[in-house]
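None of the figures in this text is laboratory data; all of them are computed from the coordinates on show. Note that the structure is predicted; figures quoted are calculated from it, not measured. Reconstructed Cβ throughout: ideal geometry from the backbone, glycine too, with neighbour counts over all protein chains shown.
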Amino acid sequence: MNIGIIVGSHRKDSQSAKVAGFLATRLRAFGVDVWTLDLGREPLPLWDEDLGSGEGQWEFLPGLTKKLQDSDGFVIVSPEWHGMATSALKNFFLLCNVNSGLAHKPAMITTVSVADGGAYVVAELRTSSYKNNRLCYIPEQLVVRNVAQVLNSVAEENNPEAHDYFVDRADYTLKLLMAYCDALISVRAHGAADLEKYPNGM
Ligand SMILES: Cc1cc2nc3c(=O)[nH]c(=O)nc-3n(C[C@H](O)[C@H](O)[C@H](O)COP(=O)(O)O)c2cc1C
């Protein structure tokens, strides 16, 4: 099983990347191959009309598409910024059309807040971000509140009670994601999806 983690923060050393690193470690412990695209460290160009050219600033895109196509599922990590998902993450989804390798694959939303935010991003991603690429968000999500106090590699930096809760909750949600990764293989193999006839969702 191969899972891609997309980190939506624009910051080079973000708490979102910290959370993503923790989730990657847990997934690897469960025997999953993991790759990460950290949009803070590897920013993507903003969408423009030459997207499909594969030239100039878009030369990298076929390589990214191949990685997405080779993945069984995804973890989408976004901080809450001004009550929204980040521009970098929304741009990532603009670059992902129907053939980008996301279609009918499960994704686990993980939102990150330094305080008690995070819910707006869950709502936003579930409302928009999947229509044309047909990504399937699983019904459980992780909302990492007071992120500075949990999932740190230095134990003394953690609030023990909150940290233990998030470790358990992360394991639970990741195992559910893995179950959906297995289950949705049969949906893709079924033949019911016709992405050539209906390239855009309604
Ligand atoms: C531009 C900006 C806007 C932010 N807006 C919010 C917000 O609306 N709600 C919230 O809980 N935290 C907000 N934060 C704080 C983030 O929760 C905090 O930076 C946290 O570490 C997650 O972001 P990171 O992954 O970039 O580190 C904001 C941070 C920035 C830089």
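Overview of values
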{"quantity": "For segment 87-103, Karplus couplings with θ = phi - 60° (6.51, -1.76, 1.60), whole Hz, Gly/Pro x", "calculated": "4, 4, 6, 5, 5, 3, 5, 5, 7, 9, 8, 4, 9, 7, x, 9, 4"}
{"quantity": "Charge-dipole axis of the chain as Lys and Arg at +1 and Asp and Glu at -1 on Cβ define it, positive-most pick from LEU151, PHE93, GLY191", "calculated": "GLY191"}
{"quantity": "Inter-part distance where segment 6-48 and segment 145-175 are each reduced to a Cα centre, Å", "calculated": "17 Å"}
{"quantity": "Projected label distance in nm at ARG188 and VAL154, using a 7 Å step from Cα toward the beta-carbon", "calculated": "4.1 nm"}
{"quantity": "Inter-probe distance in nm under a simple model that places probes 7 Å from Cα toward Cβ, at ARG126 and ASN146", "calculated": "2.4 nm"}
{"quantity": "Segment SER87-LYS66, extension gain: residue separation times 0.36 nm, minus the distance between their alpha carbons", "calculated": "5.3 nm"}
{"quantity": "Unit charges on C-beta of K, R, D, E only; dipole of the chain, Debye", "calculated": "300 debye"}
{"quantity": "Debye log10 I(q)/I(0) for the chain, one point scatterer per Cα, at q = 0.11, 0.16, 0.19 Å⁻¹", "calculated": "-0.49, -1.04, -1.45"}
{"quantity": "Nearest-ten-degree value, helix 15-29 long axis tilted from longest Cα axis of the chain", "calculated": "80 degrees"}
{"quantity": "Between helix 160-190 and the chain: long-axis angle, C-alpha atoms, 0 to 90°, nearest 10", "calculated": "20 degrees"}
{"quantity": "Cβ-Cβ FRET estimate between SER53 and PHE30, R0 fixed at 35 Å, reported to 0.05", "calculated": "0.35"}
{"quantity": "The chain: most fluctuating residue of ASP72, ASP182, ASP50 per GNM, C-alpha cutoff 10 Å", "calculated": "ASP50"}
{"quantity": "Length added when fully stretched, CYS136-ASN2, from 0.36 nm per residue minus Cα-Cα", "calculated": "46.6 nm"}
{"quantity": "P(r), alpha carbons of segment 1-86 - 10 Å bins starting at zero, rounded %", "calculated": "17, 42, 34, 8, 0"}
{"quantity": "Percent antiparallel among DSSP beta bridges (both partners in segment 1-131, rounded to 5)", "calculated": "5 percent"}
{"quantity": "Segment 60-202: relative contact order as a whole-number percent, Cα under 8 Å and 6+ apart", "calculated": "25 percent"}
{"quantity": "Links that overshoot a 21 Å alpha carbon limit, given the list LYS131/LYS197; LYS131/LYS175; LYS105/LYS197", "calculated": "LYS131/LYS175"}
{"quantity": "Net length gained if the chain between ASP168 and ARG41 were fully extended (0.36 nm per residue, minus Cα distance)", "calculated": "42.9 nm"}
{"quantity": "Residue with peak Gaussian network fluctuation, the chain [Cα springs, cutoff 10 Å], from GLY56, GLY21, GLY83", "calculated": "GLY56"}
{"quantity": "For segment 127-136, 3J(HN,Hα) per residue [Karplus equation, 6.51 cos²θ - 1.76 cosθ + 1.60, θ = phi - 60°, Hz, x = Gly/Pro]", "calculated": "7, 10, 3, 10, 4, 8, 7, 6, 5, 10"}
{"quantity": "Segment 92-164 shape via C-alpha gyration tensor axes, a/c threshold 1.5", "calculated": "prolate"}
